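Enquirer: The structure follows.
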Amino acid sequence: MKITHRHIHMAWIASLGVSLMALPLAAQEAGARISGLLLTEGSGTPVEGAVIALMGSEGSTQWETLSDERGAFSLPVPPPGVYRVQVTRIGYGSWASDTLHVAAASGSRNLRLNVPVRPIPLPELSVSEQNACLTTPEERRRAFELYESVLPMLASSSFTADLGDLRMRMIRPTVEWRRGAHRYTYDTVTVDARNSLNNAVPEYLETHGYAEVLNDSLTTFYAPDGDALASPGFLATHCLVTVEDADGSRIGLGFEPKPGRQVVDVKGVLWIETPSGRPQQLEFRYTSLRPFLRRHLEPVFRVWELSRQSRGSRYRYTFHPIEIDESRFGGVLYFERLPEHVAPDRWLMREWRIARPVLAFKALYRVGKYATVWPRADPLTSSGEVLAIVRP
């Protein structure tokens, strides 16, 4: 759907009321913020519903939020580097500041952005539905505020190396070969690991998605852990909404891939306790699985099945398209705050369970000289639970 406006819009350009010098801020400092006010120059009227974004040197969105009815906004401090502040509003032009240098030092900073308004004739402004999240400014504001409230807790849950190793109980699938065929079983092991979940770095997930082919027949699927959720790339590639729970004991931060994502991605809900604001658990499902399976697993499956079925067989084999129900694949992550005597204000991913797809044949039909194999994707589940923290 395309929305077209054929009249003159008022485009507004923001000029900073403060000098954009190197800010003495550090992304590593817990709770450090870039806050400020967005006001109309001259009258001082607050500008509501504008998108305030920190753009990286390559043009990628690092953090993004909306100004409220007072024109106020607040963003987490990004990692040290060079950025630009971009200000946009629905139906108006956008503006980007000069380069903004963020240094690795402590402290937060308040900005005052004065916004002069001037008319610019625009012959046509097209807004394509596929290029943005289909949410209202109010829905986006609520979701951003909820997201930012849990960022420090999510980020701390993935950095536990300074606490020591984690003693984990892992339940993992294994393969048994019997009479020329294989079947999956499970074994339980206890291991010491640096992280509760072995996951890809956020930059990889942003670019390549949540599934990877390790060789011709082996794949691995990743999860949206605390590190991934707290990364700028997650916000740049996902739409956020708030979800109400039936009994009111918790509120959900829903997320799904932005339109146009062509890789295996995730959608789900991070449930947050109310009124404490503590993250409780994250439920997610994989999306866009069918193209990935057809490209990487189906050819190997066909070769393997043909070699197994056609030994001494007089049948000619054909394969039906993969049967897959994406709701069966995904997982759940549980978050827990560590005791004060162990590590104040630190969080841990206490437990996780992930179901990834593997291919098997649903049925084999033989008619005359022909045989049809109906493949389907079945879930293969692995899980882990932190039993203790082993101090160095």
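Enquirer: Can you pull the accessible area of residue 187 for me, 1.4 Å probe, Å² to the nearest 10?
Expert: Surface open to solvent at residue 187 totals about 50 Å².
Enquirer: Hey, another quick one. From a point 7 Å beyond the Cα of residue 358 in the direction of its Cβ, which residues of region 204-237 have a backbone N at a distance under 14 Å?
Expert: Residues 217-221 fall inside that zone.
Enquirer: Once you put a point 7 Å from the Cα of residue 169 and another 7 Å from the Cα of residue 246, both along the Cβ direction, what distance in nm separates them?
Expert: For residue 169 paired with residue 246, the spin-label model returns 3.0 nm.
Enquirer: Points 7 angstrom from Cα along the Cβ direction at residue 389 and residue 112: gap in nanometres?
Expert: Inter-label distance under the simple model: 4.3 nm.
Enquirer: Would you kindly compute the Cα radius of gyration of region 322-391 and its largest Cα-Cα separation (Dmax), both in Å?
Expert: Cα only, region 322-391: 21.1, 73 Å (Rg, Dmax).
Enquirer: For 349, 55, what's the largest-to-smallest order of accessible area, 1.4 Å probe?
Expert: 55, 349
Enquirer: Also: Would you check the accessible area of residue 133, probe 1.4 Å, heavy atoms only, in square angstrom rounded to 10?
Expert: Approximately 30 Å² for this residue.
Enquirer: Moving on to the next point. Per the Kirkwood formula on distinct C-alpha pairs, the Rh of region 212-287 is how many angstrom?
Expert: Computed over Cα pairs of region 212-287, the Kirkwood hydrodynamic radius comes out at 13.7 Å.
Enquirer: Keeping all protein chains in position, work out how much accessible area residue 174 exposes to a 1.4 Å probe, and write it in Å² to the nearest 10.
Expert: Approximately 50 Å² of residue 174 is accessible to the 1.4 Å probe.
Enquirer: Scan region 144-246 for chymotrypsin sites (Phe, Trp or Tyr not before Pro) in coil per DSSP, keeping those whose Cβ has at most 16 other Cβ atoms within 10 Å, and list them by number.
Expert: For chymotrypsin sites (Phe, Trp or Tyr not before Pro) across region 144-246 that sit outside H, G, I, E and B with at most 16 neighbouring Cβ atoms in 10 Å, the list reads 159.
The values are calculated or read from the model by the stated rules, or taken from the named source; none is laboratory data. All values reported here derive from a predicted model rather than from experimental measurement. Positions of Cβ are backbone-derived with ideal geometry, glycine not excepted, and every protein chain shown enters the neighbour counts. All accessible areas refer to the heavy atoms of the entire protein, side chains included, with ligands and DNA or RNA removed. Shrake-Rupley method; radii C 1.70, N 1.55, O 1.52, S 1.80 Å.
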